[in-house]
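S.K.: Pasting a structure here, questions to come.
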Amino acid sequence: MVLKSKLLDATVCQISQLLEGKSSYKVGQTHEIIGFHTKLNDIHEDDFEAIADQCDMFKYAFIRHVSKELILGKDENRFKTIKENYRYEAYHGMVSSYKLLVHQLKRNSMIQSKLTRRYTISFVAWHCFSHINFMFRGDKLIVNVHMRSCDVYKHLYHDIYLAYYLGSQFKKHAQHDVNSISMNISIDSLHVYEDDIEKCRKDMLNYVSQ
């Protein structure tokens, strides 16, 4: 058994336990793990692109397009209906907070010490994301992601990529020397709907059998 993807390596065991009903709760039509944590070291764009062929529930080209439109798009009306699960309105807080962070950097109104802990984007209470924090340590950017809730099949790898993309763009504005990006992911409720369990299981089994 050869595991080739950092993203899937870091999550396959916990997700497999969730799909098998181990260490999980049954809540309505979902099964959930409370307190999901994982770490991704030295993650690159290629790591996301590589799993597109191994994992049907991760649509790399789609989320890359969505991320660029959300963060870099100038005409909000062009992408208000990018896709049902990634409406601009639902991510307006992320976009606004990120742009404010960049604006503060450019205006020198924020402490720009490389060791600051203030590079943070926060979300309203109902949002699935709680906050994303960027920390520069040594030659590394560490993206700390805390989520209130996440659907494994529809959102997990897409949301991880969205946070990664934010970090990759933010490091350009911060102008600190960075050779790699790592991520810490913490999710209060990682869950899967019963209708999606078999589809998730197929992805996981296809991956570990390679």
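S.K.: Identify the single condition in (1) out of contact with any helix residue (DSSP H, G or I) (no Cβ under 8 Å at 6 or more places or on another chain); (2) of a type outside the set (K, R); (3) modelled with pLDDT of 90 or more; (4) surrounded by 15 or more Cβ atoms within 10 Å (Cβ to Cβ) that D203 does not satisfy, given that it satisfies every other one.
M.R.: (3)
S.K.: Given the criterion at pLDDT 95 or above and either at negative phi or in contact with a His (Cβ under 6 Å, 6 or more places away or on another chain) (or both), identify the matching residue among I111, I121, I142, I197. Walk me through it before giving the result.
M.R.: Values: I111 fails: at pLDDT 95 or above; I121 fails: at pLDDT 95 or above; I197 fails: at pLDDT 95 or above.
The unique qualifying residue is I142.
S.K.: Tally time: how many residues in segment 1-46 are small (G, A, S) and either part of a strand (DSSP E or B) or closer than 15 Å to S189 by Cβ (or both)? First the steps, then the outcome.
M.R.: Of the residues in segment 1-46, the ones small (G, A, S) are 5, 10, 16, 21, 23-24, 28, 35.
Within this subset, residues satisfying the condition of being either part of a strand (DSSP E or B) or closer than 15 Å to S189 by Cβ (or both) are 23-24, 28, 35.
Total meeting the criteria: 4.
S.K.: Inspect all residues belonging to segment 147-161 and state whether any of them is of a type in the set (G, A, S), touching a strand residue (DSSP E or B) at 6+ places or on another chain (Cβ under 8 Å) and within 17 Å of M94 (Cβ to Cβ).
M.R.: Start the filter on segment 147-161 by keeping residues that are of a type in the set (G, A, S), which leaves 149.
Cutting the leftovers down to touching a strand residue (DSSP E or B) at 6+ places or on another chain (Cβ under 8 Å) gives us 149.
With within 17 Å of M94 (Cβ to Cβ) added as a condition, the list becomes 149.
Scanning segment 147-161, I find at least one residue that is of a type in the set (G, A, S), touching a strand residue (DSSP E or B) at 6+ places or on another chain (Cβ under 8 Å) and within 17 Å of M94 (Cβ to Cβ), so the answer is yes.
S.K.: Under 8 Å between Cβ atoms, which residue pairs at least 6 apart in sequence (or on different chains) link something in segment 152-180 that is farther than 30 Å from Y193 by Cα with a partner that is assigned to a loop (DSSP other than H, G, I, E, B) and acidic (D, E)?
M.R.: D177/D139; V178/D139; N179/D139; S180/D139
S.K.: May I pose another question? Give the number of residues within segment 145-159 that are aliphatic (A, V, I, L, M) and at pLDDT 95 or above.
M.R.: Taking segment 145-159 first, the residues aliphatic (A, V, I, L, M) are 145, 147, 152, 156.
Among the residues that remain, those that are also at pLDDT 95 or above are: 145, 147.
So the answer is 2.
S.K.: Restricting attention to segment 48-60, which residues are more than 13 Å from the chain's Cα centre (by Cα), within 11 Å of Y161 (Cβ to Cβ) and assigned to a helix (DSSP H, G or I)?
M.R.: E49, I51
S.K.: Being of a type in the set (S, T, Y), under 15 Å from the mean Cα position of the chain (by Cα) and modelled with pLDDT under 80, is that true of even one residue in segment 73-87? Break it down into steps so the answer makes sense when it comes.
M.R.: Let us first name the residues in segment 73-87 that are of a type in the set (S, T, Y), namely 81, 86.
From what is left, the residues that are under 15 Å from the mean Cα position of the chain (by Cα) are 86.
Then keep just the ones that are modelled with pLDDT under 80; that gives 86.
Yes: segment 73-87 contains one or more residues that are of a type in the set (S, T, Y), under 15 Å from the mean Cα position of the chain (by Cα) and modelled with pLDDT under 80.
S.K.: Do you know which residues across segment 130-156 are buried (at least 22 other Cβ atoms within 10 Å of the Cβ) and either of a type in the set (V, I, T) or closer than 30 Å to Q29 by Cβ (or both)? Before the answer, list the steps.
M.R.: The initial filter retains those residues of segment 130-156 that are buried (at least 22 other Cβ atoms within 10 Å of the Cβ), namely 132, 134, 141, 143, 145, 147, 150, 152, 156.
Correct list: I132, V143, V145, M147, C150, V152, L156.
S.K.: Here's another thing I want to ask about it. State which residue is surrounded by the fewest Cβ atoms within 10 Å (Cβ to Cβ) when the search covers only segment 1-53 and only residues that are among the aliphatic types (A, V, I, L, M) and within 25 Å of V178 (Cα to Cα).
M.R.: My answer is A50.
S.K.: Something else: So which of L115, L162 ends up being surrounded by fewer than 16 Cβ atoms within 10 Å (Cβ to Cβ) and either in contact with an Asp or Glu (Cβ under 9 Å, 6 or more places away or on another chain) or not small (G, A, S) (or both)? Give the derivation first.
M.R.: On the way: L162 fails: surrounded by fewer than 16 Cβ atoms within 10 Å (Cβ to Cβ).
Exactly one of L115, L162 is surrounded by fewer than 16 Cβ atoms within 10 Å (Cβ to Cβ) and either in contact with an Asp or Glu (Cβ under 9 Å, 6 or more places away or on another chain) or not small (G, A, S) (or both), namely L115.
S.K.: May I pose another question? Take S209 and tell me if it is over 18 Å from V102 (Cα atoms) and at pLDDT below 90.
M.R.: Values: over 18 Å from V102 (Cα atoms): yes; at pLDDT below 90: yes.
In short, yes.
The values are calculated or read from the model by the stated rules, or taken from the named source; none is laboratory data. Bear in mind that the values here come from a model prediction, so they are computed numbers and not experimental data. Here the Cβ is made from the backbone with ideal geometry for all residues, glycine too, and neighbour counts use every protein chain on show.
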